[in-house]
1. Of LYS64/LYS181; LYS40/LYS201; LYS201/LYS268, which sit over 30 Å apart, Cα to Cα?
2. Please identify, among VAL84, VAL24, VAL145, the residue showing maximal mean-square fluctuation in a Gaussian network model of the chain using a 10 angstrom Cα cutoff.
3. Remind me, relative contact order of the range 1-104 in percent, using alpha carbon pairs under 8 angstrom and six or more residues apart?
4. Among HIS243, PHE318, ALA98, whose Cα lies farthest out toward the positive end of the dipole of the chain, if unit charges sit on the beta carbon of Lys, Arg (+1) and Asp, Glu (-1)?
5. Extension gain LEU269-VAL294, at 0.36 nm per residue separation less the Cα-Cα distance, in nm?
6. How large are Rg and Dmax for the range 18-176 when only the alpha carbon atoms are used, in Å?
7. Length gain on complete extension for the stretch ARG103 to LYS40, per 0.36 nm per residue less the alpha carbon to alpha carbon distance?
8. Direction-averaged shadow area of the convex hull around the Cα atoms of the range 240-381, nm²?
Amino acid sequence: MTVKLRTDWPLFSATLLILAFGLVMVYSASSVVAEVMHGKESWSYAAKQLGFALAGVAVMLFLKRLDYARLQHPLWIWLPVGVVFVLLGAVIFADPVAHRWFRFAGVQFQPSELAKPAIIVFLAWFVSRRENKEFDRYTLLPAAVVVGGITGLIAWGDLGTAAILLVPAAVVFFVAGIERKYFYLTLLLGFALTIFFLVQKPYRLFRVMAYAGITEQTIHNTSYLKWIEPHLAASKAARDADHQPRQARIASGSGGITGVGLGRSGQKLGFLPEAHTDFIYAVIAEETGLFGAVLLIVGYLVVFWRGFRLYWLAPDFFGRYLALGCVSLIAAQALFNMSMAISLLPTKGIPLPLVSYGGSALLCTLATFGLLMSVSERAAE
C-alpha cells in the first residue's frame, strides 16, 4: 500500500481559515463586552484568544508531524485517561458552584476539554485491538468504565459536553460492529442518566422546558406543573430561560443575506449573553448575514469530508478509528452549537470549534485537528 507523508492542504487550509475567521469574530463580538462591562481594552479578549490560538497551532503542528501509531503505547493511552479522571474529580471541589473550571492567576482551565482528545485516542486504541473480534459484555466493560466514568464526572457540572463526548463513542462502537442489543441498551441507559442530570440542576430542566415553549406563567397556571415552582423560585439561573435563544434568533434574523457589517451587531450590546462564546454563531449571522454563516458551514463541511474519507484511506485500524472519532467530535460540536443558536436545539454551553472564545476549548480542539492531520499525512493515496 502506498503511504504519503504530505500535508492535506484542503483540511489544513480550511482549519486555518476557520481559525482566522474565529479570531476576527471574537474581537467583533467581545470588544463592547470587554470595554463597557468589564472595563478592559476592547481587544483584551481577542488578544488572549490569539495567544491561545498560536499555542494551539504549535500543538497541532507537533501532532500533525508525529506518527499517530506511537500513541498506541499503553503509556499514552492510560496516562491521559488517568490525568483526566484526577482533574475531573478535583474540579468538583475546586469549583464548588459550577464544577467546571480551575482558576489561577486570572486564567481558567476546563478539564472537560482535555477529556475530548484523551477519550478519542482511548476509543481508537480499544476498538482497534479488538478488530474482527466479538464485542460482548466482557470485552466492553473496560470501555464502559472509562467512557461512563469520564462522562459521568463531566455531566455533574457540564451536561452538554458530556453528551457531545458520547457522540464519537457511539459512532466508533457502531462502526466497529458492537452487538446491537448492547448498543441500544447503552442508548437507553444514556437517556435515563440524561433525565437524572436534567433534574439534578433545575436550570437544565427549565432550558428544555423553555425550548418546548413552557414558560413560568405556564407552570403557574397548570396544576400538574406546580411541583416545579419551588425549584424555579430557588434557581436564579432559571429565570427567563428563553432569553438567550430569543436574543440569538433576533440576531440571526437581523443579518439578512449580507449582514449588517463587521462590528455592527446590535444584539452584542448587552442583549445577547455569551455573544463571544456559546452564541457567537448568532453574531456571525447578524454581522455577515446568510452569506457568512453558510461560508462557515462550507468550511466545516470541508473538514468533515477530509476527515470521514480517512476511515477508508487510513493504513491501519487505529488510524481509521482515530480519524473517525476526531471528525465525529468536531462535527457534533459544530452542528450542536449552530443548531442551538437558531433554536433547533435547547440552549447548552457547547463552543463552536475554532471560533468561540475560550482557551481550553481552542487548545484541545486544535490538538484534535492535529491528530486528524497526523492520520491524513499517512493515508493511502
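All of the numbers you see were taken from the coordinates with simple rules; none came from a lab. Just so it is clear, the structure is predicted and the values come from calculations on it, not from any experiment. Every residue, glycine among them, receives a Cβ derived from its backbone with ideal geometry; neighbour counts consider all protein chains shown.
1. In this structure, LYS64/LYS181; LYS40/LYS201 lie more than 30 Å apart at Cα.
2. Residue with maximal mean-square fluctuation among VAL84, VAL24, VAL145: VAL145.
3. Result for the range 1-104 is 12 percent.
4. Of HIS243, PHE318, ALA98, it is PHE318.
5. 6.6 nm
6. 18.7, 60
7. 20.8 nm
8. For the range 240-381, the mean projected area of the Cα convex hull comes to 9.0 nm².
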